[in-house]
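Written out below as C-alpha cells is the structure these notes cover.
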Amino acid sequence: GLRDKIEQIWQRLWQESKFEHIQDVPVAANIPYPHLKHNQAIVKSVVAVARIYEEVHGTKYHLDHLIAGALLADVSKLVELEPTADGYRQTEIGKRLPHAAYAAHVALEMGVPLDVVHCIMTHSPSSGKAPNTKECHLLHWLDQADITGFGYDIWKREVIHHQ
C-alpha cells in the first residue's frame, strides 16, 4: 500500500504543478540542476548507506520507510516552484510554507505512516524541525551531501575567534 500512496502523491502534486515536463523541475529556484537526478541519487544513496551501516555497524533501518521518505522528501518542489521565461521562481506555496510542508500534509491525508512524514519534514535544514529517527537522520545528511555531489556548495560555516 505504501508504494501506491507514493505514486498517488506524485501524481496529485504533478497535476497541481505548472511544469510541462518532469525533467524540467529544478532542485531549487536558484539551483537549476534536475530534481529527478537529485531524487534518484538520494534514493540510491540511502539504500546503499543503510546496507553498509547494517553490515558494518549492525544498525538496522526500516528500509520501506527510508525509501518512501527519500521518494517523497522533495515532491513538494512540483508545487513550490514554477517555470518562468528566464528560469524558475517560488510559487505562493513555496513562499509561504516551509519546504516539504505541503507534501507532508498530502502524505498524512493519504495515510502515509507518521515516521515517513517526519522524514519528509526533517530532510532539509530549512524545516525548523530536527530529525529524531535514524532513518530521518540518514536521509537528512545524504540529501545535503548530494547537493555537493552535483557541484553546489550549500554548506556554510563561519569560524569565529574570540579574543
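The values are calculated or read from the model by the stated rules, or taken from the named source; none is laboratory data. Quick caveat, the model's predicted, so the values are computed rather than measured. Counting neighbours? That spans all protein chains shown, and the Cβs are built from the backbone with ideal geometry, glycine included. For accessibility, only protein heavy atoms count, side chains too; no ligands or nucleic acids. Shrake-Rupley method; radii C 1.70, N 1.55, O 1.52, S 1.80 Å.
Hey, could you check the stretch 1-28 for residues that are of a type in the set (S, T, N, Q) and touching a residue at least 60 places away in the same chain (Cβ under 8 Å) and say which is nearest to His99 (Cα to Cα)?
It comes out as Ser17.
For the stretch 29-47, what are the residues that are free of Cβ contacts under 8 Å to residues at least 60 places away in the same chain and in contact with a Leu (Cβ under 9 Å, 6 or more places away or on another chain)?
His35, Asn39, Val43, Val47
Among the residues in the stretch 58-65, are any in contact (Cβ under 8 Å) with a residue 24 or more places away in the chain, outside any loop (DSSP other than H, G, I, E, B) and in contact with a strand residue (DSSP E or B) (Cβ under 9 Å, 6 or more places away or on another chain)?
Checked the stretch 58-65: no residue is in contact (Cβ under 8 Å) with a residue 24 or more places away in the chain, outside any loop (DSSP other than H, G, I, E, B) and in contact with a strand residue (DSSP E or B) (Cβ under 9 Å, 6 or more places away or on another chain).
Taking only pairs six or more apart or across chains, which ones have beta-carbon atoms under 7 Å, a first residue in the stretch 111-137 that is closer than 17 Å to Glu80 by Cα, and a second residue that is modelled with pLDDT of 95 or more and surrounded by fewer than 17 Cβ atoms within 10 Å (Cβ to Cβ)?
Taking only residues 6 or more apart or on different chains, not a single pair turns up.
Run down Lys95, Lys77 and say which single residue is under 13 Å from the mean Cα position of the chain (by Cα), basic (Lys, Arg) and within 24 Å of Gln23 (Cα to Cα).
After applying the criteria, what remains is Lys77.
Any residue that is farther than 22 Å from Leu2 by Cβ and either of a type in the set (A, V, I, L, M) or open to solvent by less than 10 Å² (accessible area, probe 1.4 Å) (or both) - is there at least one of those in the stretch 105-122?
For the stretch 105-122, residues farther than 22 Å from Leu2 by Cβ and either of a type in the set (A, V, I, L, M) or open to solvent by less than 10 Å² (accessible area, probe 1.4 Å) (or both): absent.
With the condition kept exactly as written, say whether any residue in the stretch 78-87 is closer than 24 Å to Ala29 by Cα and open to solvent by 90 Å² or more (accessible area, probe 1.4 Å).
yes
Any residue at all in the stretch 50-68 that is farther than 12 Å from Leu138 by Cβ and crowded, with 16+ Cβ neighbours inside 10 Å?
yes
Among the residues of the stretch 65-86, count how many are polar (S, T, N, Q) and in contact with a helix residue (DSSP H, G or I) (Cβ under 6 Å, 6 or more places away or on another chain).
Final tally of qualifying residues: 1.
Based on this model, can you work out whether Lys129 counts as modelled with pLDDT of 95 or more, among the basic types (Lys, Arg) and either more than 14 Å from the chain's Cα centre (by Cα) or over 24 Å from Tyr53 (Cα atoms) (or both)?
no
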